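Asks: Mind having a look at this structure? Questions to follow.
The values are calculated or read from the model by the stated rules, or taken from the named source; none is laboratory data. This is a predicted model, so every value here is computed, not measured. Positions of Cβ are backbone-derived with ideal geometry, glycine not excepted, and every protein chain shown enters the neighbour counts.
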Amino acid sequence: MVDEKPEGREALEDEASEGSMAPSAELEEAMREAAEAVEAREGVRRDPVDRSAAAEELAAAQAEVERLKDAQLRLQADFENHRKRALRDRQEAHKFGHENLVKDLLATVDNLERALEHARSSGSADFEAMLQGVELVRREFLAALGKHGVTAVEADGERFDPEFHEAMAQEIDDSVPAGTVVKVFEKGYRIWDRLLRPARVVVSKSSEGGSGK
């Protein structure tokens, strides 16, 4: 016996039921979780306890903002105090930075005054002794400067060096190579590696037909 297919409305219902897909368990679980999440959010909005917690969090955040503002003000005040101290230190260094040098030179001034007083009391008869005293003072003076890094620029007999020498004139001198310092008008000095003033010198040049060593 051959099964007959249903006709009409029943046939349409059967086809519809065969073509549809029943919801899966995973889909139903996801929809349920989504619904619970929505309900939970709605509950937070409605729950007065949660509103109180939010207010407390806001108050705590505002208190933290005030704390940070206060910390910033203190930091600015500290920076301003540091700037003022640095400025005061620079001013004091400018005024008193050479204090140790002056102390070292005072002993030299004392010896110079003693030498002059001795020369006045003894008259011209003791001129040689006075000269020796002044020479002693000069050496002490240079030694005091040397303690602070001040040294004389080598010039006499040296090759002219525009970095350390200032040529005031030229002089014919075939006994030395051209460009040699043959006379020093004024000594030059430097402090450590910095030039204080150049040596003012006379520089040799060769005569016409000279050897110009």
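The rows are residues; the columns are (1) over 30 Å from residue 204 (Cβ atoms); (2) over 40 Å from the mean Cα position of the chain (by Cα).
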position: 93; (1), (2): yes, no
position: 111; (1), (2): yes, yes
position: 129; (1), (2): yes, yes
position: 154; (1), (2): no, no
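So that you can scan it fast, the table gives a plain yes or no per residue for (1) assigned to a loop (DSSP other than H, G, I, E, B); (2) at pLDDT 95 or above:
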{"position": "166", "(1), (2)": "no, yes"}
{"position": "174", "(1), (2)": "yes, no"}
{"position": "181", "(1), (2)": "no, yes"}
{"position": "185", "(1), (2)": "no, no"}
{"position": "190", "(1), (2)": "no, no"}
{"position": "203", "(1), (2)": "no, yes"}
{"position": "207", "(1), (2)": "yes, no"}
{"position": "213", "(1), (2)": "yes, no"}
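Asks: When you look at residue 183, is it surrounded by 13 or more Cβ atoms within 10 Å (Cβ to Cβ), under 30 Å from residue 102 (Cβ atoms), out of contact with any helix residue (DSSP H, G or I) (no Cβ under 7 Å at 6 or more places or on another chain) and of a type in the set (D, E, K, R), yes or no?
Replies: no
Asks: Among the residues of the range 131-158, how many are in contact with a Ser or Thr (Cβ under 7 Å, 6 or more places away or on another chain) and of a type in the set (Asp, Glu)?
Replies: 1
Asks: What residue, among those in the range 152-180 that are closer than 24 Å to residue 139 by Cβ and hydrophobic (A, V, I, L, M, F, W, C), is surrounded by the most Cβ atoms within 10 Å (Cβ to Cβ)?
Replies: 155
Asks: Any idea which of (1) modelled with pLDDT under 80; (2) not assigned by TED's automatic domain parsing to the domain that holds residue 138 is the one residue 114 doesn't satisfy?
Replies: With (1) modelled with pLDDT under 80; (2) not assigned by TED's automatic domain parsing to the domain that holds residue 138 applied to residue 114, the lone miss is (2).
Asks: May I ask you to verify whether residue 102 is of a type in the set (A, V, I, L, M, F, W, C), surrounded by 12 or more Cβ atoms within 10 Å (Cβ to Cβ) and within 27 Å of residue 190 (Cβ to Cβ)?
Replies: For residue 102, the condition - of a type in the set (A, V, I, L, M, F, W, C), surrounded by 12 or more Cβ atoms within 10 Å (Cβ to Cβ) and within 27 Å of residue 190 (Cβ to Cβ) - is not met.
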